1. Quick check on my filter: what residues within the stretch 83-104 are out of contact with any Asp or Glu (no Cβ under 8 Å at 6 or more places or on another chain), outside any strand (DSSP E or B) and modelled with pLDDT of 85 or more?
2. Please name all residue pairs, on different chains or six or more residues apart, with Cβ atoms under 6 Å, provided the first residue is in the stretch 58-87 and is farther than 16 Å from LYS111 by Cβ and the second residue is assigned to a loop (DSSP other than H, G, I, E, B) and aliphatic (A, V, I, L, M).
3. Please specify each residue of the stretch 100-123 satisfying the condition of being surrounded by 15 or more Cβ atoms within 10 Å (Cβ to Cβ) and more than 20 Å from VAL23 (Cβ to Cβ).
4. Just give me the residues in the stretch 30-71 being of a type in the set (Gly, Ala, Ser) and farther than 22 Å from ASP114 by Cα, in sequence order.
5. Which of the residues belonging to the stretch 149-171 are more than 26 Å from the chain's Cα centre (by Cα) and either within 22 Å of PRO217 (Cα to Cα) or outside any helix (DSSP H, G or I) (or both)?
6. Which residues, counting only those in the stretch 17-38, are surrounded by 14 or more Cβ atoms within 10 Å (Cβ to Cβ) and over 15 Å from LYS111 (Cβ atoms)?
7. Looking at the stretch 62-82, which of the residues that are assigned to a helix (DSSP H, G or I) and aliphatic (A, V, I, L, M) is nearest to the chain's Cα centre (by Cα)?
Amino acid sequence: MEPTYQGAVRSRRIGLVEDHESVALGLASMLAPEPDLELIITAGTVAELLSAAPELDLVVLDLRLADGSAPEDNVRTLRDSGHEVLVFTGADNPFLVRAAARAGVLGVVRKSEDVQTVVSAVRAAASGEQVVTTDWAAAIDGDPQLRDVGLSPRQQEVLTLYASGEKASRVARMTGLSEQTVNDYLGRIRQKYADAGRPAPTKTDLYKRAVEDGWLPVPERNPRA
């Protein structure tokens, strides 16, 4: 049972990591009428939030931040600091959601959900409860059409640099590897994708796979397209 004072339930302290002001204002507006939920800090990055050293019951986290940080790294950093995490996302990239899910978030809720759904999700997560949604289930189960190929951290680094447009010689200089080693890595990466039924014979294909798996950001859509 929650501790009370004169019949009032203790307010849950919420932090938000979100770099879009309109979204931050929207969540603040949703939570403002709720006496048991208090949004006490909003930050653009995880590092900014943690530098303020707030005492929080929950951190609500956007997956795609302007600093380019990886979702799973952000979740692990927050959890290592003692904070539970609820993902608040547009859910435009299922692999980013999966990466966060693997890192141990309490749940996933879309920004497009109605106010009551978002508030209920925040309330449940702030109480330490799992927030079970369709997106959460999909993140846990994974997409059978896009199998995880199990790249090592070094392979992920090589893929990210090469697929973003760098030549193998440049990747070698940036990583401290020999050019031959970089080419060997790329061969192994291509083989792993082929074995998973997701062939990537060209550099363009590797770029597509890197975007699908969340190693590179989804290209911004042309608003006039």
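The values are calculated or read from the model by the stated rules, or taken from the named source; none is laboratory data. Keep in mind it's a predicted model, so treat the numbers as computed, not measured. When we count neighbours, we look across all protein chains shown, and the Cβ atoms used for this are built from the backbone with ideal geometry, even at glycine.
1. Correct list: HIS83 only.
2. That search, which allows pairs on different chains as well, returns VAL75/VAL105; HIS83/LEU56; GLU84/LEU106.
3. Passing the criteria: ALA101, ARG102, ALA103.
4. Start the filter on the stretch 30-71 by keeping residues that are of a type in the set (Gly, Ala, Ser), which leaves 32, 43-44, 47, 51-53, 66, 68-70.
Of everything in the stretch 30-71, those that are of a type in the set (Gly, Ala, Ser) and farther than 22 Å from ASP114 by Cα turn out to be ALA43, GLY44, ALA47, SER51, ALA52, ALA53, ALA66, GLY68, SER69, ALA70.
5. As a first pass, look at the stretch 149-171 and keep what is more than 26 Å from the chain's Cα centre (by Cα): 167-170.
If the condition is that a residue be more than 26 Å from the chain's Cα centre (by Cα) and either within 22 Å of PRO217 (Cα to Cα) or outside any helix (DSSP H, G or I) (or both), then LYS167, ALA168, ARG170 are the ones that fit.
6. Residues of the stretch 17-38 that are surrounded by 14 or more Cβ atoms within 10 Å (Cβ to Cβ), as a first pass: 17-20, 23-24, 26-27, 30-31, 34, 36-38.
Within the stretch 17-38, GLU34, ASP36, LEU37, GLU38 qualify.
7. Applying the first criterion (assigned to a helix (DSSP H, G or I)) to the stretch 62-82 yields 71-80.
The next check asks that each one be aliphatic (A, V, I, L, M); those that pass are 75, 78.
Numbers: VAL75: 7, LEU78: 12 Å.
Among them, the one singled out is VAL75.
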